[in-house]
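Let me begin by presenting the structure, written as structure tokens, before commenting on it.
We did not get these values from a lab; they are worked out from the coordinates using the rules stated. If you're wondering where the values come from, they're calculated on a predicted model, not measured in any experiment. Cβ coordinates were reconstructed from backbone atoms using ideal geometry, including for glycine residues, and neighbour counts include every protein chain displayed.
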Amino acid sequence: MKTLIDPRNALSQGLAALRLRFKVPEGFPPEVVAAAQAAAQRAPSEHVDRTARPFVTLDPASSTDLDQAFAIEASGADLLLHYAIADVSWFVRDGDLLDVEAWKRGATLYLPDGKASLYPRELSEGAASLLPSGPRPAVVFTVRVDPDGEASLDGAERAIIRSVAKLGYERVTAAELPAGFAELAERVRAAEARRGASRVDPPEQEVARLDDGRLQLRFRPRTEAEDQNAALSLATNLAIAQVLLAHRTGLFRVMPEPDARAVGRLRQTARAFGLEWPEMASLAQYELTLDPGEAKQAAFMMAIRRASTAASYVPYTPGEIPWHAAMAATYAHATAPLRRLADRYVVDTVLAIANGRPAPTAATLAFAKLPKVMARADNQAGQIDRVVIDMAEAAMLRGQIGEAFEAVVTDIDERGARMQLCELPVVARVTAHKVEVGERLVVRLTAADPAQGTAQFERVA
């Protein structure tokens with residue numbers, strides 16, 4: 001959920017202004033904090049004891065808002081994924097101060113210098129987080145994954161669980177992970193390939209300072225464990241989506257295919273990076289060949305993410321099949337309720353359905369209102385991400401004012417030409433008349449302002 005990290009605080013001045021511009025919340029009102037402190041003392045009373053099952057968490061090593069823990073066991077030829085999700089609804093009640101504040105925020109916002117959480121730390125990094133410091137209440141979804149990677153929901157229950165290990169992507173070893181972890185992830189990947197899914201998981205960008213003091217925008221490669229862990233969450237969300245669809249209720253994540261103009265622009269971006277995208281290959285087919293460990297391909301993966309039509313939320317509508325093009329499936333968000341408001345209601349609904357109860361009225365009413373709230377949160381996060389990347393690009397370029405760069409025109413509109421620099425992961429605009437999409441230019445950098453996130457170029461040839 002975080003697109004760029006800034007370990008040396010190179011962007012601090014601009015980030016302070018950005019927080020004001022986008023009204024990023026600074027902490028929580030005292031009464032909300034007090035409500036969180038009181039809620040954290042709420043003792044679980046509707047949960048079965050599953051502390052004998054060895055759950056683990058797998059996240060960035062520094063994370064403390066842990067939504068998910070998992071355990072895996074064999075069941076004949078199938079694998080059972082016991083996926084524990086933070087039981088946020090046990091602590092947050094409809095209409096209370098925590099709920100009202102969460103509806104204002106919609107989602108946790110991530111910036112390079114810190115996050116603005118959906119819930120106060122007393123819950124998101126304390127009583128509700130699935131940390132290994134003690135037993136925690138959770139909703140455990142048991143997902144059956146067959147040899148072909150097809151996932152179905154076997155059951156759901158409120159349970160007390162205990163995480164036996166807080167594992168980090170950066171250092172985890174295969175021996176520390178549950179037996180069946182890699183096999184389950186591989187099954188899910190194989191099912192994706194058969195469906196024609198085209199998920200793009202680019203690595204995080206980070207700002208690094210070189211020996212000469214200049215800044216560089218580079219990519220932190222994704223680890224194999226990170227990709228495998230994403231497959232577990234995907235399997236759970238797909239299984240939950242099928243339950244919701246079958247019971248004609250719920251909230252779904254949908255996403256259309258990129259339009260023709262976006263694909264055309266991406267083809268020019270690939271050309272700028274010197275990547276070979278066969279004419280007969282679709283974007284979905286080409287994405288599957290990309291290597292996030294190679295810098296230019298990683299940059300192109302980021303370009304795909306920025307060019308794609310944004311995903312959105314829709315409630316169940318009779319006669320319509322909600323579809324997520326990148327997943328090539330009906331898909332729902334349920335696995336991050338500490339960070340996304342909508343997930344709490346999806347979890348509550350599936351928990352009820354799986355145990356023979358009707359969908360909660362509060363959740364059904366929320367599904368109609370959540371698309372607007374989540375769209376606002378997604379839009380805010382997307383705008384912040386784009387500005388942060390612009391700031392990082394400007395910071396990287398600041399020491400190269402006066403230098404010339406090769407670029408390729410990727411798009412033309414009423415504001416001029418958009419271009420992709422050939423040797424750097426930078427997209428910028430330039431005033432250039434009588435140019436065509438795909439044309440190669442030489443441009444000179446005339447100004448770069450990291451605080452404003454702007455870089456100005458002039459055409460040389």
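Express in whole angstrom the spacing between the alpha-carbon centres of the range 106-124 and the range 244-265. Cα centroid of the range 106-124 versus Cα centroid of the range 244-265: 27 Å apart.
Straightening the chain between E257 and V164 buys 29.4 nm, computed as 0.36 nm per residue apart minus the Cα-Cα spacing.
Relative contact order of the chain, please, whole-number percent, based on alpha carbon pairs below 8 angstrom and at least 6 residues apart.
Taking the mean separation of contacting Cα pairs over the length of the chain, I get 17 percent.
Take every pair of alpha-carbon atoms less than 8 Å apart whose residues are at least six positions apart; their mean separation over the length of the range 297-387 yields a relative contact order of 24 percent. Sequentially through the range 87-97, phi angles give Karplus couplings (6.51, -1.76, 1.60; θ = phi - 60°) of 8, 5, 5, 5, 9, 10, 10, 4, x, 7, 4 Hz, Gly and Pro residues having no value and appearing as x. On a straight-distance basis, which aspartates and glutamates could pair with K372 in a cross-link, Cα separation under 15 angstrom, same-chain partners fewer than 8 positions away excluded? Reachable aspartates and glutamates: D343.
For A175 and R214 in one chain, what is 0.36 nm times their gap in residues minus the Cα-Cα distance, to one decimal in nm? This chain segment gains 10.0 nm when fully extended.
The modelled label-to-label distance between A230 and Q13, using points 7 Å beyond Cα along the C-beta direction, is 3.5 nm. Please report the spacing between the Cα centers of the range 431-450 and the range 35-53 in Å, no decimals. Centre-to-centre distance over Cα atoms comes out at 58 Å.
So, R0 is 35 Å and r is the distance between the beta-carbons of A375 and V442; what FRET efficiency does that work out to, to 0.05? Walk me through the numbers before you get to the answer.
Working: r = 41 Å, r/R0 = 1.17.
Efficiency, rounded to the nearest 0.05: 0.30.
Modelled this way, with points 7 Å down the Cα-to-C-beta line, the labels at E279 and T454 are 4.1 nm from one another.
Working from Cα pairs under 8 Å separated by at least six residues, relative contact order for the range 62-209 is 25 percent.
Helix content alone sets the calculated 222 nm mean residue ellipticity of the chain: runs of n ≥ 4 DSSP H residues at -39500 (n - 2.57) each, divided across all residues, give -10500 deg cm²/dmol.
Which entries of K166/K296; K115/K166; K23/K369 show an alpha-carbon separation above 26 angstrom in the structure shown? Among K166/K296; K115/K166; K23/K369, the Cα-Cα distance tops 26 Å for K166/K296. Modelled this way, with points 7 Å down the Cα-to-C-beta line, the labels at S133 and F22 are 2.9 nm from one another.
Shown here for the range 13-47: trypsin sites (Lys or Arg not before Pro) in loop regions (DSSP other than H, G, I, E, B) with at most 15 other Cβ atoms within 10 Å, namely K23, R42.
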